[in-house]
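Below: the structure, in structure tokens.
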Amino acid sequence: MRLTTKGRYAVTAMLDLALHGDEGPVSLADISRRQGISLSYLEQLFARLRREKLVISVRGPGGGYRLSRSNDQVFIADVVDAVNESLDTTRCSNKGDCQNGEMCLTHHLWSDLSDQIHQFLSRISLADLMKKREIQAVASRQDTRPLNGDDGDTINTINTERLVSKAPA
């Protein structure tokens, strides 16, 4: 089983959206800067997430995306499924034709593992992840990091006052 970049990025972007959604709609540009995911790739992912009704787009100035339901009602398996990511651990896409057109000896083992992984991810919500100290620490670090990552001239406006107050006089 391999969760590809598409699934990983979708989960990362949705967690970022959940973490910053209390501040209003979140732009894909902000997610892109914080997470290092290309804006065009995020646009593709969010088109799928919107089709699956996991997010709502908000147009106009200050627009962006919001979760379509509360953090505790969005599960990681929903996100992975929405972007058509496979959690299949079989070599045959669970068709049972893994060995010269017939089922291999271990097909059911790998099929059961796929089911277990999906069930596991179906029990983890964005709210569950948001409670983890490790995730909060990473999010805090990302929020205080310079937005452009190059010269530090551009800083995240949320933390401007904190950074300025720590600057030497």
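Shape verdict for region 23-88, please, from the Cα gyration tensor: rounded (a/c under 1.5), prolate (a/b greater than b/c) or oblate. Present the calculation step by step, with values, prior to reporting the outcome.
Numbers: a/c = 1.87, a/b = 1.32, b/c = 1.41.
Judged from the Cα gyration tensor, region 23-88 comes out oblate (a/c at least 1.5, b/c at or above a/b).
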Practice prompt. Could you work out which residue, out of Asp16, Asp112, Asp30, moves most in a Gaussian network model of the chain, that is, has the largest mean-square fluctuation with Cα springs under 10 Å?
Written response: Asp112
Fill in: Order of His118, His20, His108 under a 10 Å beta carbon neighbour criterion, fewest first
His108, His118, His20
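On a full-extension model of 0.36 nm per residue, what is the gain between Gln44 and Thr4, subtracting their alpha-carbon distance, rounded to one decimal in nm?
Numbers: separation 40, 0.36 × 40 = 14.40 nm, distance 1.50 nm.
Difference between extended and current length: 12.9 nm.
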Worksheet item: Pulled fully out, how much extra length does the chain show between Ser93 and Arg123, if you take 0.36 nm times their separation in residues and subtract their Cα-Cα distance?
Response: 8.5 nm
Discussion item. So I have (i) 73, 34, 28; (ii) 41, 35, 32; (iii) 56, 42, 29, and one of them is Cα extents along the principal axes in Å calculated from this model. Which one is it?
Written reply: (i)
Response to the item:
For the pair Thr144 and Asp72, the simple spin-label estimate (label points 7 Å beyond Cα toward Cβ) gives in nm 3.0 nm
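In deg cm²/dmol and to the nearest 500, what is the mean residue ellipticity at 222 nm of the chain if only DSSP H runs of at least 4 residues count, each as -39500 (n - 2.57), divided by the residue total?
Values: 8 runs with 84 residues, N = 169.
After summing the helix terms and dividing by residue count, I get -15000 deg cm²/dmol.
Given Cβ point charges of +1 (Lys, Arg) and -1 (Asp, Glu) and nothing else, what value in debye, to the nearest 20, does the dipole of the chain about its Cα centre take?
In debye, rounded to 20, the chain gives about 220.
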Item to complete: Using +1 at the Cβ of each Lys and Arg and -1 at the Cβ of each Asp and Glu in the chain, identify which of Met130, Gly64, Asn84 lies farthest towards the dipole's positive end.
Response: Gly64
Worksheet entry | Within a Gaussian network of the chain (alpha carbon springs, distance under 10 Å), most fluctuating of Leu54, Leu67, Leu113 | Leu113
Worksheet item: Among Phe120, Phe75, Phe46, which comes first, then next, by fewest other beta-carbon atoms within 10 Å?
Response: Phe120, Phe75, Phe46
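Bear in mind these aren't lab numbers, they're just calculated from the coordinates by the rules spelled out. This is a predicted model, so every value here is computed, not measured. Cβ atoms come from the backbone with ideal geometry, glycine included; neighbour counts cover every protein chain shown.
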